[in-house]
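Let me begin by presenting the structure, written as structure tokens, before commenting on it.
Each value in this text was obtained by applying a stated rule to the coordinates, not by laboratory testing. This one's a predicted model, so the numbers in the text were calculated from it and none came from an experiment. Heads up, the Cβs are rebuilt from the backbone with ideal geometry, glycines too, and the neighbour counts pull from every protein chain shown.
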Amino acid sequence: MRFCGLSFCAILFSMDHKTFEKLIPDFLRDRLDNRTEREFLDHYDHCRSCREELSIQFLVYAGLPKLETGETFHLQNELSGRIELARETNLRRRRLGSAAVVLEILTLTAVGTCLILWMAYR
Ligand SMILES: [Zn+2]
């Protein structure tokens with residue numbers, strides 16, 4: 001059962017339930033590109049049924065191996081930590097991308113200025 005109607009979700013979210021579910025293994029292995037991960041997290045924030053699906057798959061992916069070794073595993077705490085880590089990493093990557101663009105613009109401006117000065121004084 002889905003949390004919301006498909007057409008409503010299609011308008012509200014850029015990612016649909018099927019895509020979300022398909023991407024869960026890649027999310028858990030930290031293999032999503034930054035943009036996809038951001039869309040994944042946005043959908044996670046707004047869709048209860050996909051949050052439940054992620055909890056189930058996270059339990060199988062991370063919980064069962066710990067339970068087999070006798071370690072304690074608190075599903076909600078571990079999953080919340082994983083989501084927060086993904087948000088922080090995603091934000092850091094976006095900031096680095098923005099910084100790279102600014103550096104590129106500054107470099108091009110410096111090179112352009114040097115070329116203008118070189119042409120003016122030769
Ligand atoms: Zn969903």
Number of positions in the range 11-33 that are loosely packed, with under 15 Cβ neighbours inside 10 Å and more than 10 Å from the ligand (Cβ to nearest atom) = 10
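Here is a yes/no grid of residues against (1) farther than 23 Å from Asp16 by Cα; (2) out of contact with any Leu (no Cβ under 7 Å at 6 or more places or on another chain):
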site	(1), (2)
Cys50	no, yes
Pro65	yes, yes
Asn77	yes, yes
Ala86	no, no
Ser98	yes, yes
Glu104	yes, yes
Ala120	yes, yes
When you go through Asn77, Asn90 one by one, which is the residue that is within 26 Å of Asn34 (Cβ to Cβ) and either over 14 Å from the mean Cα position of the chain (by Cα) or not in a helix (DSSP H, G or I) (or both)?
-> Asn77
